[in-house]
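The values are calculated or read from the model by the stated rules, or taken from the named source; none is laboratory data. Worth saying up front: this structure is predicted, and the values here are computed from it rather than measured. Glycine also receives a Cβ, built like all others from the backbone with ideal geometry; neighbour counts cover every protein chain displayed. The protein model used for the area step is the full one, side chains on, heavy atoms only, and it has no ligands, DNA or RNA in it. Shrake-Rupley method; radii C 1.70, N 1.55, O 1.52, S 1.80 Å.
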Amino acid sequence: MAENNAQNKAKLISETRRRFEAEYVTEKSEKYDPRDVERLQQDDNWVESYLIWRHNVVDETLKMLDESFQWRKEFAVNDLSESSIPRWLLELGGIYLHGYDKEGNKLFWIRVKYHIKDQKTIMDKKKLIAFWLERYAKRENGKPITVMFDMSETGLNSIDMDFVRFIINCFKVYYPKYLSKIVIFDMPWIMNAAFKIVKSWLGPEAVSLLKFTSKNEIQEYVSVEYLPPHMGGTDPFKYSYPPLVDDDFQTPLCENGPIASEDETSSKEDIEGDGKESLETISNEEQPVLSEKTNPTESASKTDETEKVDSKMKTFKKPLSVFKGPLLHISPAEELYFGSMESGEKKTLIVLTNVTKNIVAFKVRTTAPEKYRVKPSNSSCDPGASVDIIVSPHGGLKVSAQDRFLIMAAEMEQPSGTGPTELTQFWKEVPRSKVMEHRLRCHTVESSKPNTLMLKDSAANMSDKTSEDLYLQFATSRCETDCSPH
């Protein structure tokens, strides 16, 4: 069945490409950006996103592609940058990305009170919407987004139906498959008639994605940590520009050095436990891993730290999924799997492998710096070497699907050293265009099935299992249970 589905999908993608080229590109090539046409021929996921949105009906998909591609050229979407947007509009803080909903979807904030209907500025506002969505789409290929229409303190002069319709079209036509839901907060009753029109624009299939909320309901969709105080939340975030408000990644709790004050007890407990519960090297037959090289110029503190970790811990079994970037191969590719507190498998591992001929500096950032310790979080990797990064929740705090990690890497073509001081200076000077970025989501494997996840009771048999193994075992067990005849 799965093989047939894959074959059918491949046929639909191939037919869409062939017909779009023959029926549209040959007649309208001047109306499309050649980069979009080229991407359509190379990016299966992009073609599939349009097909899924049009229920795999190729004729409808072609019409949608035509409209979308003409819009992309009209707005010069591929060339939109921060400098394309008027500075006053970026400073206003009416449109930005920040935080996550309870399902782990990025929040796209539209603060309606900052928008005044004005034909002179409407095109710039539309470009700002396109700028953020394209920026997000390039980074988070295919991951849904939740639109937060904050209508608190909004008057009639802030309602611009042309602008609202543009936003709806962005998700209906230009960025298919990206809309998780539209959460509308504190809509004045006088706007009821206007949003009946909005429902008609969305269509019957998408209208269920509209969620009208007040303070009492909004926490059904977004937890208090990502809600501002006027929505009943505790998020201390305040918009400012520059720089661009984006992914909210910050330095983790533990930055290579010793852990301060209240963290010391937890640190000692974890280090003692590391030798017992931390995990064994994968065999060469499963995944060959290049040995780490030693850089004689590294600081003594880095060497001491490595020796300390090695003396207290066995190495983790390497995750099997791999993201192959231009500077680093990163494993796992997309998700970090953490066990629950009950399972005892609290830590997880990120493996970085340098695939360049130069030293690569890397940094790890997270959206929840108070929750995690990361070692090392700011270091370097020699050519052809691998570095294991240990990520562990701190102080009993729970891992959330909303949490994200960002790996930043840059090639040190002429390194003057890889100690803390040199790395700090390097990151200040390296051009943004030369920095590779990769994001990882978090996933918790619950211990609701004791027969598959009881690490404490079967430590001898489970000591060589990673959190990713546990997830796969849990999924298999769950499938067996769910699929068994009743």
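Going by the structure shown, is TYR136 assigned to a helix (DSSP H, G or I), open to solvent by less than 10 Å² (accessible area, probe 1.4 Å) and under 30 Å from THR16 (Cβ atoms)?
Here the answer is no, as TYR136 does not meet what is asked.
So that you can scan it fast, the table gives a plain yes or no per residue for (1) touching a residue at least 60 places away in the same chain (Cβ under 8 Å); (2) assigned to a helix (DSSP H, G or I); (3) of a type in the set (S, T, N, Q):
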{"site": "SER152", "(1), (2), (3)": "yes, no, yes"}
{"site": "VAL173", "(1), (2), (3)": "yes, yes, no"}
{"site": "ILE182", "(1), (2), (3)": "no, no, no"}
{"site": "ILE190", "(1), (2), (3)": "no, yes, no"}
{"site": "PHE195", "(1), (2), (3)": "no, yes, no"}
{"site": "GLU205", "(1), (2), (3)": "no, no, no"}
{"site": "THR234", "(1), (2), (3)": "no, no, yes"}
{"site": "SER240", "(1), (2), (3)": "yes, no, yes"}
{"site": "PRO243", "(1), (2), (3)": "no, no, no"}
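Specify which of the listed residues (SER14, SER49) is among the small types (Gly, Ala, Ser), open to solvent by less than 60 Å² (accessible area, probe 1.4 Å) and more than 30 Å from MET151 (Cα to Cα).
That would be SER49, the only listed residue that is among the small types (Gly, Ala, Ser), open to solvent by less than 60 Å² (accessible area, probe 1.4 Å) and more than 30 Å from MET151 (Cα to Cα).
Of the conditions (1) in a helix (DSSP H, G or I); (2) over 22 Å from the mean Cα position of the chain (by Cα); (3) surrounded by fewer than 15 Cβ atoms within 10 Å (Cβ to Cβ), MET64 satisfies every one except a single condition; which number is it?
Unmet condition: (3).
Just to be sure, is TRP109 under 30 Å from SER400 (Cα atoms), aromatic (Phe, Trp, Tyr) and not in a helix (DSSP H, G or I)?
So TRP109 fits the description; yes.
From the list GLU21, GLU38, GLU74, which residue is surrounded by 14 or more Cβ atoms within 10 Å (Cβ to Cβ) and either farther than 25 Å from PRO144 by Cβ or touching a Pro at 6+ places or on another chain (Cβ under 8 Å) (or both)?
After applying the criteria, what remains is GLU21.
Residue by residue through segment 25-46, note down the ones that are closer than 9 Å to PHE69 by Cβ and among the acidic types (Asp, Glu).
Those that are closer than 9 Å to PHE69 by Cβ and among the acidic types (Asp, Glu): ASP33, ASP36.
Yes or no, residue by residue, for (1) open to solvent by less than 80 Å² (accessible area, probe 1.4 Å); (2) hydrophobic (A, V, I, L, M, F, W, C); (3) under 21 Å from LYS138 (Cα atoms); (4) modelled with pLDDT of 95 or more:
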position	(1), (2), (3), (4)
ASN4	no, no, no, no
THR26	no, no, no, no
SER29	yes, no, no, no
GLN42	no, no, yes, no
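Please state which of the following conditions ALA385 fails to meet, knowing it meets all the rest: (1) surrounded by 21 or more Cβ atoms within 10 Å (Cβ to Cβ); (2) over 22 Å from the mean Cα position of the chain (by Cα); (3) of a type in the set (A, V, I, L, M).
With (1) surrounded by 21 or more Cβ atoms within 10 Å (Cβ to Cβ); (2) over 22 Å from the mean Cα position of the chain (by Cα); (3) of a type in the set (A, V, I, L, M) applied to ALA385, the lone miss is (1).
Does any residue of segment 321-333 turn out to be among the aliphatic types (A, V, I, L, M), open to solvent by 50 Å² or more (accessible area, probe 1.4 Å) and free of Cβ contacts under 8 Å to residues at least 12 places away in the same chain?
Yes: one or more hits.
Tell me, please, whether a residue that is modelled with pLDDT of 90 or more, open to solvent by 20 Å² or more (accessible area, probe 1.4 Å) and at negative phi can be found in segment 93-113.
Yes, the conditions are met somewhere in segment 93-113.
Select from segment 142-178 the residues that are open to solvent by 20 Å² or more (accessible area, probe 1.4 Å) and under 21 Å from the mean Cα position of the chain (by Cα) and write down the one among them that is nearest to SER223 (Cα to Cα).
PRO144
Pairs needed: first member in segment 1-28, under 17 Å from ASN45 (Cβ atoms); second member anywhere, assigned to a helix (DSSP H, G or I) and of a type in the set (A, V, I, L, M, F, W, C); C-beta distance under 6 Å; at least 6 residues apart or different chains.
Once the first residue is under 17 Å from ASN45 (Cβ atoms) and sits in segment 1-28, its partners that are assigned to a helix (DSSP H, G or I) and of a type in the set (A, V, I, L, M, F, W, C) give LEU12/LEU51; ILE13/VAL47; GLU15/VAL58; THR16/VAL47; THR16/VAL58; PHE20/LEU62; PHE20/LEU65.
Kindly provide the set of residues from segment 179-194 that are surrounded by fewer than 17 Cβ atoms within 10 Å (Cβ to Cβ) and of a type outside the set (A, V, I, L, M), ordered by number.
Selection gives PRO188, TRP189, ASN192.
Scanning segment 364-379 for residues that are part of a strand (DSSP E or B) and touching a Phe, Trp or Tyr at 6+ places or on another chain (Cβ under 7 Å), which turns out farthest from GLU334 (Cα to Cα)?
Only one residue fits best here, namely SER379.
Search segment 207-232 for residues being of a type in the set (A, V, I, L, M) and assigned to a helix (DSSP H, G or I), and hand back the single one that is surrounded by the most Cβ atoms within 10 Å (Cβ to Cβ).
In this case the residue turns out to be ILE218.
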